[in-house]
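The values are calculated or read from the model by the stated rules, or taken from the named source; none is laboratory data. Here the structure is a predicted model, which is why all the values come from computation and not from measurement. Note that each Cβ is placed from the backbone with ideal geometry, even for glycine, and that neighbours are counted across all protein chains shown. For accessibility, only protein heavy atoms count, side chains too; no ligands or nucleic acids. Shrake-Rupley method; radii C 1.70, N 1.55, O 1.52, S 1.80 Å.
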Amino acid sequence: LSRRTPLPGAASSSDEERWRSALLAEGLWGDALERGLATVGGAVKATLAEGGDGRWVLSAEHEAPRSEWRLSRLNEEGRVADLIVDRTFIDRDSGVRWIVDYKNSQPGPGEAWEDFTSREAEKYREQLERYRDTLRALGDQPIQCALFFTARGALYTLPELALGSVEG
């Protein structure tokens, strides 16, 4: 979707067939396949909602947009570690590089959205720090990290992981 200009308002039948093929390749069939297709369809619908965070995240209008970006870095032990950044781009308006990690998780029954997002932020903090530190080496722009919850089409920013621009 992030490569489409303009971003569509809804998934197409060819999108749905691609999802079906991918889920079949993962071994889903019968009721599980139908539940999987409904989950994917619902997440895409929420993501593409007019005026929502998902349309901004997926926009091809950003500078240097990348989706599913495969990178390698040296970890703390000096070994090569491979990363796949779900989405990154530089916002044209602010000059901030965004690092967005997609999550399909949802709050548990009765769990408040604030409690859920705090828990998820803590769970993925180290992963986002690795992404941030790796991408810092590629440019001096400010960096902001976020989780994007596909089922709700909601972006959750982690301001504590933000980095300012590198001073020359």
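Condition first: assigned to a loop (DSSP other than H, G, I, E, B), open to solvent by 50 Å² or more (accessible area, probe 1.4 Å) and closer than 19 Å to residue 157 by Cβ. Can you find one or more residues in region 33-51 that meet it?
Residues of region 33-51 assigned to a loop (DSSP other than H, G, I, E, B): 48-51.
Now restrict to residues that are open to solvent by 50 Å² or more (accessible area, probe 1.4 Å): 50-51.
Filter again for closer than 19 Å to residue 157 by Cβ, leaving 51.
Yes, there is a match, as at least one residue in region 33-51 is assigned to a loop (DSSP other than H, G, I, E, B), open to solvent by 50 Å² or more (accessible area, probe 1.4 Å) and closer than 19 Å to residue 157 by Cβ.
Residues being over 16 Å from the mean Cα position of the chain (by Cα) and either β-branched (Val, Ile, Thr) or open to solvent by less than 50 Å² (accessible area, probe 1.4 Å) (or both): count how many of those fall in region 52-77. Please lay out each step first, then the result.
Our first condition is that a residue be over 16 Å from the mean Cα position of the chain (by Cα); within region 52-77, this holds for 61, 63, 72-77.
Filter once more, so that each one left must be either β-branched (Val, Ile, Thr) or open to solvent by less than 50 Å² (accessible area, probe 1.4 Å) (or both): 73, 75.
Total meeting the criteria: 2.
Residue-by-condition table, conditions (1) assigned to a helix (DSSP H, G or I); (2) in contact with a strand residue (DSSP E or B) (Cβ under 9 Å, 6 or more places away or on another chain); (3) farther than 24 Å from residue 141 by Cβ:
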| site | (1), (2), (3) |
| --- | --- |
| 65 | no, yes, no |
| 71 | no, yes, no |
| 76 | no, no, yes |
| 86 | no, yes, no |
| 111 | no, no, yes |
| 117 | yes, yes, yes |
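Pick out the one residue from 86, 115, 140 that is open to solvent by 80 Å² or more (accessible area, probe 1.4 Å) and at pLDDT 95 or above. Can you show your working first?
Details: 86 fails: open to solvent by 80 Å² or more (accessible area, probe 1.4 Å); 140 fails: at pLDDT 95 or above.
After applying the criteria, what remains is 115.
Say whether the condition of being under 30 Å from residue 41 (Cα atoms), of a type in the set (Asp, Glu) and at pLDDT below 95 is met by at least one residue in region 60-81. Full working, then the answer.
As a first pass, look at region 60-81 and keep what is under 30 Å from residue 41 (Cα atoms): 60-71.
Now narrow it down to the ones that are of a type in the set (Asp, Glu): 61, 63, 68.
Checking which are at pLDDT below 95 leaves us with 61.
Yes - at least one qualifying residue is present in region 60-81.
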